[in-house]
Structures are given as structure tokens and as C-alpha cells.
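Report on the following structure.
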Amino acid sequence: MKPPTLAIIAGMLFLVTGLAHAQTTTGFPPLPPIPKTGRLPDNPGATQFTFIVAGDNRPNGKTSKQPKMLSRILKDAQRFNPTFFLWCGDTISGHTADGPTLKQQYHVFKTIAATAKRPVFNAPGNHEMDIVGNPAPNTTVETPDAQMIAFYLEYMRPQHARKHAYGAFSYGNSRFISMSTEEVAPPFVTRSEGRVVASGLKLDPGYVSGEQIVKLKEDLEANKDKDHIFVFMHHPIKPNKAASRLDGPTADNLETIFAGNSKVSYVLAAHEHVYYNANTNTLTPPEWKKGSPPVYLVTGGAGAPLDNCGDNTGYCGAFYHYLVFNVDGDKVDVQVIALPEKLKKPPAKKRSKQ
């Protein structure tokens, strides 16, 4: 029997590569960490690990200077020895389509994010994806913009992963899905009214395209063997204030999809600059166990100016914080770590009398 020729070998390799590629393109595209924050270790057998979740560190005003709270959270979280960080958006002040300005803002954020010493994965927020304009007298409106999305992909993704602002990755017994709730909606789509903040700015209610929904369903179906599926995004499905909710039809659709999947453990968001547990009236959210419904949390306390809590069921706290997730087989528990707004200065040393 003659040995296979180079042409046959090349064809076999092409076929194998094609099959492998086809397997990885089911559902969401691979989500890379933010540049400069390292690589995720390969540990498919992990059933016990810790990760950190936070969001909304964006500066107050049009500046590239980040609030000190961002660095404090990344430093403080090291004591839990996390494997990685999930970030729920609003990493920069943004709201401008000026390329050099955005490049500088992203550079400052990425430099600080690298101090996490762990991979950081982000779901983009409205400050990264939307511009602000004045379409009518005495009105200021936030609008998702295709150019802003392009800048986000250029500065927050490596060159090979700049097609989509959403993505997913697996670690151990879990799947992690980052959704983009800030897509540009078609002009014929009717959406919810956006929240109007104290400055008079009308925020966009967010939008998730049909294409992304299809890929989400494929991804959930393809990962039924996982013990847990964690979904993180910017606009919340269950916010503290109703006006902060993701576009109503979109949110209703996603809530139904997640309720129908027994592996979706937690749905995490930011946008509101508070901590909000929609599930119970206690600070600590319920421990997720096999068969439990998804737990919805808002974690928007990573440095942006804090909001006031509204009247709603559940637990709301307006304080700076981050969340510590501990995965232990088919169980997950969460710790809420609050940080004071300012560090206490050590007492001055008394001079000894000569």
C-alpha cells in the first residue's frame, strides 16, 4: 500500500480543521478577554473555581481619567484568587464618535484592567456604544451608533475577533455568555421609552437583534451538558427602576428563553449604579442549585456616580461593590463585597517628647 500523498494529507487536514471550526461556530462566537489582561487557562475539568463580577466604572464627565474605585476593586479582589473577571459594561465615558478621544479612553481603562492580573471579559454598555445628540430644541438623546460599535471592536478586541460585540467562552463545567444589549435597532422597530436621568439626557432603552437571539438559542442548546450557564450584559432584564429595563419586548423574550433553560444559573447586568437583588429582600442572593430558576442581579457599583434606589421588591443598595462567585459542582453561591467611598487615612503618628 502506498503512503498517502501530500495532497491527500492536506485534504484530510482541511476536512478535520473544517469540522473543528464548524463545531466552534455553533452559537456565539468565541469571546476573547480584553487586550492586556492575559489569557484564560485551559481547565475543562474544573468544577470548583471563583470569578469576580462588576460593572459601571465609567468616569463622571468627558474624561479618560478613571475613578480610583476601579483600581481598588481590582486590587481588593485578588484576595479571593479569582480565575477571571466578568465586566458588565460602561468601561469608559464615551458618548462621542471621536476616534482619538475614544482610543485614549480605552487605553487608560485597559492599562488599569491589566492590574487585575487575570483575564477580564466585557459586555459593552451604552457609554461605549452610543453617541449623544440634540435632535430637537431642549432635548438631549442617546443613540446607538454603528461607528461607536466599530471603535469598540477596534480597541477592545484583538484583530481576529472584531465581527461581533457579543461572544461566549467555556471554563470547567460552566458556559459564560456575553450579550450586547446596545445594538442599533432598525427604524421600523417600536421600543420602550428610555430612562431620563437627572441631567435631562434621555437614555436609549437598548436592543438585541434577531441574529443575536438566534445565536443565543443555538449556544444554549449546544451547551446543555454544562452544569451552569452564566449570562452577563449591560441593560438589565429585572432592574431596580422600571425605566432602566432593557427594551420591553426584548427583555420579555430573553426572560422567557432563560426560564426555559434549566442550566441558566445567573443573569448579570449593570446600567443602574447600585447593587440590586431582584430575587429576595436580603443583601445576599439565593444560592443557585440544580433546578433553580435563574437569579437576576444588577451590579453597577464599580466607580461611576451612584444612583438612588427606587421603590421595588427585592433588595437595593447604593454603594460601591463587586460580586464574588464561587462555583462548587452543581452549586453556586455569591458574596457581595462592599467598599467604602473613601479609604480611611491611618492615624497620624504622635511625636515623642524629647
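Bear in mind these aren't lab numbers, they're just calculated from the coordinates by the rules spelled out. This is a predicted model, so every value here is computed, not measured. Note that we place each Cβ from the backbone using ideal geometry, even for glycine, and neighbour counts take in every protein chain shown.
Some points to look at:
- Value of [θ]222 nm, deg cm²/dmol, for the chain, DSSP H segments ≥ 4, -39500 (n - 2.57) each, nearest 500: -7500 deg cm²/dmol
- Exposure proxy order (Cβ contacts within 10 Å, fewest to most) of W87, W288: W288, W87
- When the convex hull of its Cα atoms is viewed from all sides, the range 95-215 shows a mean projected area of 9.8 nm².
- For I131, distant residues with modelled amide H under 5 Å away: T143, D145
- Pair A161, A46: separation of 7 Å Cα→Cβ label points (nm): 1.5 nm
- Environment charge of S64, counting only residues whose C-beta is closer than 13 Å and scoring Lys/Arg +1, Asp/Glu -1: +4
- Based on Cα contacts under 8 Å between residues 6+ apart, the chain shows a relative contact order of 19 percent.
- Under 11 Å, Cβ to Cβ, from K75 - net charge with Lys/Arg +1 and Asp/Glu -1: +3
- Cβ-based exposure ranking for S192, S170, in which fewest neighbours within 10 Å come first: S170, S192
- Taking a ≥ b ≥ c as the square roots of the eigenvalues of the Cα gyration tensor, the range 181-246 is classed as oblate, since a/c reaches at least 1.5 and a/b does not exceed b/c.
- Gain in span if fully extended, T190 to K75, counting 0.36 nm per residue against the direct Cα distance: 37.1 nm
- Compactness of the range 19-177, expressed as Rg and Dmax over alpha-carbon positions, Å: 16.7, 58
- Shape of the range 31-102, Cα gyration tensor, a/c cut at 1.5: prolate
- Entry for Cα extents along the principal axes in Å (calculated from the structure that is shown) out of (i) 62, 46, 42; (ii) 84, 44, 39; (iii) 95, 66, 45: (iii)
- Three-way shape label, the range 167-306, alpha-carbon gyration tensor, a/c 1.5: oblate
- Working note: Karplus 6.51/-1.76/1.60 with θ = phi - 60° gives the range 203-215 the couplings 7, 6, x, x, 6, 10, 5, x, 4, 5, 4, 4, 5 Hz, where Gly and Pro are set to x.
- Computed packing ranks the peptides 177-185, 297-305, 323-331 as 297-305, 177-185, 323-331, most packed first, by mean other Cβ atoms within 10 Å.
- Ranked D90, D42, criterion: other C-beta atoms within 10 Å, fewest first: D42, D90
- A crude spin-label estimate for the pair H107 and E341, with each label 7 Å from Cα along the Cβ direction, gives 3.2 nm.
- Amide proton proximity set for T181, modelled H, under 5 Å, gap of 5+: H234, H235
- Estimated FRET transfer efficiency when R0 is 56 angstrom, pair T313-D98 (beta carbons, to 0.05): 0.85
- Computed over the range 87-131, the quotient of the alpha carbon radius of gyration and 2.2 N^0.38 Å is 1.15.
- Whole-Hz ³J(HN,Hα) from phi, Karplus 6.51 cos²θ - 1.76 cosθ + 1.60, for the range 225-242, glycine and proline x: 7, 6, 6, 9, 10, 9, 10, 10, 7, 9, 5, x, 7, 10, x, 6, 10, 4
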